[in-house]
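The values are calculated or read from the model by the stated rules, or taken from the named source; none is laboratory data. This one's a predicted model, so the numbers in the text were calculated from it and none came from an experiment. All Cβ positions, even for glycine, are placed from backbone atoms using ideal geometry, and neighbour counts span all protein chains on display. For the accessible areas, the whole protein counts, side chains as well, though only heavy atoms, and no ligand, DNA or RNA atoms are used. Shrake-Rupley method; radii C 1.70, N 1.55, O 1.52, S 1.80 Å.
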Number of protein chains: 2
Amino acid sequence: MDERTISATERTIGYLLRLPYERLSERVYGGLAAQGFPDIRPAHSAVLRHIAGSGSRVSDLAERAGLTKQSMAYLVEALAAAGYVSVAPDPADGRAKLVRLTRRGHAVSETLVRLSREVEADFAARLAPGQMATLRGLLGELADALERP
Amino acid sequence: MDERTISATERTIGYLLRLPYERLSERVYGGLAAQGFPDIRPAHSAVLRHIAGSGSRVSDLAERAGLTKQSMAYLVEALAAAGYVSVAPDPADGRAKLVRLTRRGHAVSETLVRLSREVEADFAARLAPGQMATLRGLLGELADALERP
DNA sequence: CAATATGGACAGGCCATCTGACTACATGTC
DNA sequence: GACATGTAGTCAGATGGCCTGTCCATATTG
């Protein structure tokens, strides 16, 4: 008889969301390390996901990612030190700086998306045909609903 | 024209899993704080989720949660200091200690599950009828597949 | 111009994890 | 029963990823 307090009765939706997320993360960031990007960590995706091709300000990145300016500056600094982004003064505003992906930054971003798709495909193979598409669709609808509260 | 590097092209499955997880967490742990459990943090769910009614050892908890013994001991210590768990020597093994939920620990565990269900219901209300059940079912199947690799 | 808002930097702190080194106890083998 | 090895837990130290508070420089607006 299993006496577990939570999981025996019912797995929480939090557990069900977090488990695949963590497995995915391990594989994606492990894969990045294996492919020559060892210094990219999950938190850095907050930068990579939101950075505009024409460059973004730290404040904008912070707001889009839901982090403080200081936290975003910390992440950007690490990416800049490792050569994934460049930071240059914004010609349009003397206070601001523009963060841009370098060639290496674009490479890591593309690799990240590719690895993510690969792991997603592997997850899909563990479900019945078509179910991963359903899952992705539902998560997308939920994200749409949550992005605009 | 949106030039975002990742999200404009396609939201990664990681993003789609993490977004609802984070919204859920904010609400569940905010709710716990509001209901008199201000010192419970998301990491503590690793203890609450895996602890057995008859008591569990730190090592067992660590293994089930996928953490090191040291990390689990750190979490257990905080919960013990706040009165959510008791820690007593294991009569069956002089090296070991048994971690048990106190009455307050049971209360927090039940409240956690209840809040989780409430937020899940709120999420469900943002989707078409029945879709949340489908989503939960698919996540459950995926979790089953990932729990036994 | 003065007042206020904004972009960013600096300092300091906390939490949640890790690794490495260690002690105390348990167990299995001879 | 003694010894070798394995296991439960602790101590110490480090790191990453966030936070708040404070401050400076530059914009913007009345």
Might you check whether a residue that is in contact with a Ser or Thr (Cβ under 7 Å, 6 or more places away or on another chain) and within 7 Å of DNA strand D (Cβ to nearest atom) occurs anywhere in the stretch B:80-95? no
The conditions are (1) open to solvent by less than 40 Å² (accessible area, probe 1.4 Å); (2) touching an Asp or Glu at 6+ places or on another chain (Cβ under 9 Å); (3) over 24 Å from A:G36 (Cα atoms); (4) more than 9 Å from every other protein chain (Cβ to nearest Cβ), and A:R57 fails exactly one of them. Which is it? (1)
Scanning the stretch B:26-40 residue by residue, the ones that are surrounded by fewer than 19 Cβ atoms within 10 Å (Cβ to Cβ) and within 12 Å of chain A (Cβ to nearest Cβ) total 2
Answer residue from the stretch B:68-95, given it is near DNA strand C (Cβ under 8 Å from one of its atoms) and under 22 Å from B:V113 (Cα atoms) and is most open to solvent (accessible area, probe 1.4 Å) among those: B:A78
Kindly list, by first and then second residue, each pair from a residue in the stretch B:124-137 that is in contact (Cβ under 8 Å) with a residue 24 or more places away in the chain to a residue that is among the hydroxyl-bearing types (S, T, Y), limited to pairs with Cβ atoms under 9 Å and residues at least 6 apart or on different chains. none
Is there a residue being within 16 Å of DNA strand D (Cβ to nearest atom) and at negative phi anywhere in the stretch B:100-116? yes
Check off (1) more than 9 Å from DNA strand D (Cβ to nearest atom); (2) at the interface with chain B (Cβ under 10 Å from one of its Cβ atoms) for A:G66 and give me the number that stays unchecked. (1)
When residues of the stretch B:70-122 are limited to those that are over 14 Å from B:G53 (Cα atoms) and of a type in the set (S, T, Y), the one farthest from the other protein chains (Cβ to nearest Cβ): B:Y74
Residue under evaluation B:L17, criteria (1) away from DNA strand D (no atom under 16 Å from the Cβ); (2) facing another protein chain (nearest Cβ under 8 Å); (3) of a type outside the set (F, W, Y), criterion not met: (1)
Sort out which residues of the stretch B:43-63 are without any contact (Cβ under 8 Å) to a residue 40 or more places away in the chain and near DNA strand D (Cβ under 10 Å from one of its atoms), and write them in order of number. B:S59, B:D60, B:L61, B:A62, B:E63
Give me the pairs, please: first residue somewhere in the stretch B:11-29 and of a type in the set (S, T, N, Q), second residue anywhere and at pLDDT below 95 and in a loop (DSSP other than H, G, I, E, B), beta-carbon distance under 9 Å, and either six or more positions apart or on two chains. B:T12/B:I6
